[in-house]
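The values are calculated or read from the model by the stated rules, or taken from the named source; none is laboratory data. Since we're looking at a predicted model, the values are computed, not measured. All Cβ positions, glycine included, derive from the backbone under ideal geometry; neighbour counts span all protein chains shown.
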Amino acid sequence: MAELSAASVPRLRRHFRLQWEEAQQAFVLLYPEGMVKLSGSAGEIMKRMDGKISVDGIVANLEGAFPGADLRNDVLEFFEVARERGWIEFE
Amino acid sequence: MNAAGSNLNRPGPPLWLLAELTYKCPLHCVYCSNPVDYTRYGEELSTEDWLRVLREGRALGATQLGFSGGEPLMRADLEILIAEARRLGYYSNLITSGIGLNEKRIAAFKEGGLDHIQLSFQDSTRELNDFLGSTRTFDLKMKVASLIKQYDYPMVLNVVLHRQNIDHVGQLLEMAEQLGAEYVELANTQYYGWALLNRDHLLPSREQLERAERLTNEFRARVGDRMKIYFVVPDYYATRPKACMNGWGSVFLTITADGLALPCHEARMLPGLTFPNVREAGMEWIWYDSPGFNRFRGDSWMREPCRSCPEKTKDFGGCRCQAYLLTGDAANADPVCDLSPDHGVVQRVVALAQHPDAPIAAAVQPLVFRDDRNSRRLSEV
């Protein structure tokens, strides 16, 4: 599996689905017989993944949406955890 | 939502909706969790009824949807329900024996947006698989497994374990690996319905159980992340009860073939409780307001030793159905708990199961297969 870097392109693993849930007011990740409710920041990060945009691109996009925040380390850390849990993979 | 309608104690949404589409099944498994008197229950819900259930469930916030039974493939409208489930935004799971799944149907399921298929095996050998389900299904299941792969579904295998097949855990896992399984559920039998009738034939010995767990752990170490293997221990061997359904009326909502709404798929046999039918009531009232769903919510119904127990927020006193089946009262502690005054009931059953070479019940009663004839006989009792 590819190493995580600023140029990595994260995408959801097969058979995972990300969607907004009105009843929970949160993004959730769905997979066979299971669900993870994402925190607000995790949802903001994951909803920007489209299989084309790089980690760098996501950071830039987030810093545009939340001006003044330095988010790079948080985003990298989140992607490491998300990969460990088997939610995403990198190209 | 307005202030008058808000309530701090209001439960969360029913995240898991289980649709038991039919009690019909081509298999006759001796550990089936369906009610033993299933032949008594009335007409199955119509397609329209199910579509309404799916819409209302989704509006309440359900995300995971299980199509189960019986054998859900016995419903000719499954394709319609799958397509509607996807349109509504469910993650849909088909829980099947595989019997009746041909290429035409699986292609339609894929097209409709079914997310996942869980295929059951009764054993890794044709002989025992076919004996336990009392049908010749092993070769068919192998064909279905290859269809599942061909249509790019995750391969999720489920095997119910018990003393007749638990010694084959090593072969079962090898079979799963050969079939390219990504998830394997080795679920020890839970003793309800037909399984409770046949319990003396099914409960493994402690030695069998420990060996199976050891082999499973060795296999896990070998395959690493490639396969995810769940091993569900039989709760009779535990000293604390399972957090059944994650708490009564907390996450799970089951709708039976004839439309009964239940907090778990066993609860219809609890005496003194009435559960609503989706033919007569809306899902929102059913979940939030019906007396049946509120009966064991929270902890005000608890007695000692649960009431003052610090672990009551963790296991919710265990399983209400098991408490009823083994102690005669659903409000008692689940006797699996060694703090329960009735724990001896479980200990006696476990003690009897420690002789793998001498089936304890052979002289008592033979295995009872789940079929219509036996169900009708058991309905008369």
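Quick notes on this structure:
- Breaking point among (1) in contact with an Asp or Glu (Cβ under 6 Å, 6 or more places away or on another chain); (2) at pLDDT below 95, for residue B:228: (1)
- Residues of segment A:62-88 satisfying the condition of being out of contact with any helix residue (DSSP H, G or I) (no Cβ under 7 Å at 6 or more places or on another chain) and either over 23 Å from residue A:17 (Cα atoms) or part of a strand (DSSP E or B) (or both): A:63, A:64, A:65, A:66, A:67, A:68, A:70, A:73
- Within segment A:14-61, considering residues that are assigned to a loop (DSSP other than H, G, I, E, B) and basic (Lys, Arg), the one nearest to the other protein chains (Cβ to nearest Cβ): A:14
- Comparison of A:22, A:33, A:89, A:77 shows that the only residue that is free of Cβ contacts under 8 Å to residues at least 40 places away in the same chain, surrounded by 13 or more Cβ atoms within 10 Å (Cβ to Cβ) and acidic (Asp, Glu) is A:33.
- If only residues of segment B:20-66 that are within 14 Å of another protein chain (Cβ to nearest Cβ) and within 16 Å of the chain's Cα centre (by Cα) are counted, the one that is farthest from residue A:23 (Cα to Cα) is B:66.
- Within segment B:7-19, considering residues that are within 14 Å of chain A (Cβ to nearest Cβ) and surrounded by fewer than 17 Cβ atoms within 10 Å (Cβ to Cβ), the one modelled with the highest pLDDT: B:12
- Summed over segment B:91-124, residues that are more than 14 Å from chain A (Cβ to nearest Cβ) and farther than 17 Å from residue B:184 by Cα total 13.
- When residue A:4 is tested against (1) under 28 Å from residue B:252 (Cα atoms); (2) more than 14 Å from chain B (Cβ to nearest Cβ), just one condition goes unmet, and that condition is (1).
- Residue within segment B:193-200 that is charged (D, E, K, R) and within 29 Å of residue A:86 (Cα to Cα) present: no
- Failed item, numbered, when residue B:366 is tested on (1) touching a residue at least 60 places away in the same chain (Cβ under 8 Å); (2) part of a loop (DSSP other than H, G, I, E, B): (1)
- Contact map, segment B:230-256: residues that are assigned to a strand (DSSP E or B) paired with residues that are of a type in the set (D, E, K, R), Cβ distance under 6 Å, separation 6+ or inter-chain. Pairs shown: B:230/B:185.
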